[in-house]
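See below for the structure under consideration.
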Number of protein chains: 2
Amino acid sequence: MENNLAKQQCEACHADAPKISDEELHQLLKEIPDWTPVVRDNIMMLEREYKFKNYKLAWAFANKVAELAEDEFHHPATLLEWGKVTVTWWTHAIKGLHKNDLICAAKTDKLL
Amino acid sequence: MENNLAKQQCEACHADAPKISDEELHQLLKEIPDWTPVVRDNIMMLEREYKFKNYKLAWAFANKVAELAEDEFHHPATLLEWGKVTVTWWTHAIKGLHKNDLICAAKTDKLL
């Protein structure tokens, strides 16, 4: 498995798209080791916290994430606080994780 | 009590600044009725969710909130999702609500 998640494209996702399997998730997480699977409201999500020296730097990063979201037409939850941005990816249509989310997580890391 | 919270200035806040009293909070919340006090990690915060028609509009509003935060040098948690922005004000230094937070909440409403 090469570290190529960030090179892949996020594809249109429908309610009948398959959730990622536990095995594939386990395998792909090795490429994005700073991301943590979290379960909220019974939905599996992928989350990472990025730290910054001040608000302006965190804000600038949050805007890059928003640009990525619009480019991919896949939209995470982005929490901006002083010196910190928390990004959470999941796929609303399937109430869980699709491979798209791991691709977008890898692309988020590339924005740093 | 006039509806003048938004006209007041957020002032520098230190660890020994007083938390807002329950009575003052109750009184001032009448000026910002869409804001809800929430307690998280034992800290009283003030939160409001704003809905938008799409991501771009929500994103634009989140940026206005960030500009306000820098102008006031008081920084909320701003959660950007598709069509939704959730803003949470509290004062880190006193682990609770200062009158500043209500002033900033009123100013956030003015950004709409």
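Within 12 Å of another protein chain (Cβ to nearest Cβ), of a type in the set (D, E, K, R) and on the phi < 0 side of the Ramachandran plot - does that describe any residue in the stretch B:37-52?
Checking the stretch B:37-52: not a single residue is within 12 Å of another protein chain (Cβ to nearest Cβ), of a type in the set (D, E, K, R) and on the phi < 0 side of the Ramachandran plot.
So how many residues does the stretch B:43-53 have that are free of Cβ contacts under 8 Å to residues at least 40 places away in the same chain and either open to solvent by 70 Å² or more (accessible area, probe 1.4 Å) or not in a loop (DSSP other than H, G, I, E, B) (or both)?
3
Go through the stretch A:35-94 and count every residue that is closer than 17 Å to A:Leu25 by Cβ, out of contact with any Asp or Glu (no Cβ under 7 Å at 6 or more places or on another chain) and of a type in the set (Val, Ile, Thr).
3
What number of residues within the stretch B:16-37 are under 13 Å from the mean Cα position of the chain (by Cα) and open to solvent by 30 Å² or more (accessible area, probe 1.4 Å)?
Number satisfying all stated conditions: 5.
Please determine, by comparing only the residues of the stretch B:73-112 that are open to solvent by 30 Å² or more (accessible area, probe 1.4 Å) and part of a helix (DSSP H, G or I), which one is nearest to A:Val87 (Cα to Cα).
Filtering first and then ranking leaves B:His92.
Are any of the residues in the stretch B:14-31 at pLDDT 95 or above, farther than 20 Å from A:Asn54 by Cβ, within 13 Å of chain A (Cβ to nearest Cβ) and not in a loop (DSSP other than H, G, I, E, B)?
The answer is no; no qualifying residue exists.
Take the stretch A:97-112 and flag every residue that is more than 8 Å from the chain's Cα centre (by Cα) and within 12 Å of A:Leu25 (Cα to Cα).
A:Leu97, A:His98, A:Lys99, A:Asn100
Sort through A:Leu29, A:Leu68, A:Leu25, A:Leu5 and tell me the only one that's out of contact with any Cys (no Cβ under 6 Å at 6 or more places or on another chain), among the hydrophobic types (A, V, I, L, M, F, W, C) and within 26 Å of B:His75 (Cβ to Cβ).
Testing whether each residue is out of contact with any Cys (no Cβ under 6 Å at 6 or more places or on another chain), among the hydrophobic types (A, V, I, L, M, F, W, C) and within 26 Å of B:His75 (Cβ to Cβ) leaves just A:Leu68.
The values are calculated or read from the model by the stated rules, or taken from the named source; none is laboratory data. Being a predicted model, the structure only gives us computed values, none of them experimental. Using ideal geometry, Cβ is built from the backbone for each residue, glycine included, and neighbour counts are taken over all protein chains shown. In case anyone asks, the SASA skips ligands and DNA or RNA and just uses the protein heavy atoms, side chains included. Shrake-Rupley method; radii C 1.70, N 1.55, O 1.52, S 1.80 Å.
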